[in-house]
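The values are calculated or read from the model by the stated rules, or taken from the named source; none is laboratory data. Please read these numbers as outputs of a predicted model, since none were measured by experiment. No Cβ is skipped: glycine too gets one built from the backbone with ideal geometry, and neighbour counts run over all protein chains shown. Surface accessibility is based on the protein's heavy atoms, side chains included, excluding ligands, DNA and RNA. Shrake-Rupley method; radii C 1.70, N 1.55, O 1.52, S 1.80 Å.
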Amino acid sequence: MASTELEKKPSQAIDPAEEPSVEWGWHGGFPKGTQIAGWFSVVAILLMLIGNHQGILSGGGHFKMEDLWLIGTAAVLVVGLFIDLAKNKRRR
């Protein structure tokens with residue numbers, strides 16, 4: 001059988017001469033950084049509830065659409081962070 005240079009190299013091996021970052025470990029994600037940035041974003045969004053924004057009058061009461069959007073966005077981020085955390089724990 002004829003053998004080629006591609007068959008001689010293992011499929012998982014990465015040559016540091018071609019990709020020097022292999023030695024530094026830069027292949028992959030930043031799970032801790034993602035969690036930190038995500039929770040910081042949730043806190044920042046919820047802090048936006050404190051402010052001088054005006055609500056829309058609806059049926060005699062004040063209905064703050066802005067607050068609902070902020071709380072909803074923060075809730076979606078929290079759910080996403082918990083899903084990400086569960087995925088990271090399963091990988092270990």
Legend entry - Index of the failed condition, Ser41 passing every other in (1) surrounded by 10 or more Cβ atoms within 10 Å (Cβ to Cβ); (2) at pLDDT below 70: (2)
Inset, instruction - Answer yes or no as to whether Gly29 is modelled with pLDDT under 75 and either within 23 Å of the chain's Cα centre (by Cα) or open to solvent by less than 80 Å² (accessible area, probe 1.4 Å) (or both). - result: yes
Legend entry - Residue pairs meeting the criteria (Cβ under 8 Å; at least 6 apart or on separate chains; first under 17 Å from Ile36 (Cβ atoms) and open to solvent by less than 100 Å² (accessible area, probe 1.4 Å), in the stretch 76-92; second at pLDDT 90 or above and of a type in the set (Gly, Ala, Ser)): Leu77/Gly38; Leu77/Ser41; Gly80/Gly38; Leu81/Gly38; Asp84/Gly38
Inset, instruction - Report yes if Trp24 is over 20 Å from the mean Cα position of the chain (by Cα) and either open to solvent by 70 Å² or more (accessible area, probe 1.4 Å) or modelled with pLDDT under 90 (or both), otherwise no. - result: yes
